[in-house]
Amino acid sequence: MEKDAFLYISVSDFRYIIYGDLATYVQRGQPYYSLSNETNTIKYYYNGQELTDLRIPSSVTSIGNYAFAYCRDLKNMTLPSGVTSIGGHAFKCCSSLTSVTLPSSLTSIGYEAFEMCGFKTLILPSSLTEIGQGAFANCIRLKSLTLSPSLTSIGIRAFNGCANLRTLTIPSGLTSIDSLKKYDFEFQKSEPIFVAPSMESVYVGWQIPIPAGDFFKGCDISKCTLYVPLGTKQAYAETEVWRDYEEIKEYDVSGVDKVDNNSETMEVSRYSLDGQRLASPTKG
């Protein structure tokens, strides 16, 4: 099919049947299309069954554009550890998708890839370097967000409309935030990364405050609490932008040397240091 094959279609029941190899389809994606009604659902079928639980084959290294867009019945999804990129609109409007584990191999998330999805303890893997415009826009159930320390680019409107986003954690490995916002060349203007009116808490790990620029332009930080490392409160209170928070509190971080060992402990699950659940022991 050519580009725009489904442009401006007007249907109430759209069934997309995946033939052949699932891994090939996932990486190829599908042509651009625009639904006449954003509330419509596309039902995806593979081997005669509707896809509500999706386990992507381990051979897949990328997710194509529009791969599962508007699949509102998709509830569970497992991404294999080898995926490095997620294409634009790949899971747009998957409103029943309440949780997602992004693999530690992931480096880029495309334009509006997860817009209007239904998940709430989004943790971005440490490998992630790029988040596209509107990637997580209008995820109205999202309450907590942890950014990746490797980010070099966050598109505008990446988290716009996340009305219930209350807690933002920025790792100390992220050495610059004022330069992350991209310019919107389509509309010739600059827009914020976040529009999160419910933001309550922001956690940072820098011992010395870094320039924030207009990173928090879409948030009312005058009503937020800023949590900073022990002994740095005064420095943040004297630094532009950071001093505009309603309250600044210090927190202490305990080390792994304080964990007790118990011979009766039974392993339940494994996680990497950046919070990603692992299926098996992984080096590092």
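Derivation of every value follows stated rules applied to the coordinates shown; laboratory data play no part. Since the model is a prediction, treat every value here as computed from it, not as a measurement. Glycine also receives a Cβ, built like all others from the backbone with ideal geometry; neighbour counts cover every protein chain displayed.
Numbers for the structure displayed
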read-out	value
Under 5 Å, built H, 5+ apart or other chain: amide partners of Tyr45	Tyr16, Ile17, Ile18, Leu51
D (Stokes-Einstein, µm²/s), Kirkwood Cα radius, the stretch 42-146, 1.306 mPa s at 10 °C	118 µm²/s
DSSP beta bridges in the stretch 32-126 [antiparallel fraction, %, rounded to 5]	20 percent
Geometric extent, Cα atoms of the stretch 108-166 - Rg, Dmax (angstrom)	10.3, 27
Unsatisfied cross-links (Cα-Cα over 26 Å) in the set Lys120/Lys233; Lys75/Lys223; Lys143/Lys217; Lys92/Lys143; Lys43/Lys143	Lys120/Lys233; Lys75/Lys223; Lys43/Lys143
Local electrostatic count, Lys120, Cβ distance below 12 Å [Lys/Arg +1, Asp/Glu -1]	+3
Cut-off 9 Å between beta-carbons: net charge of the residues surrounding Thr98, Lys and Arg +1, Asp and Glu -1	+3
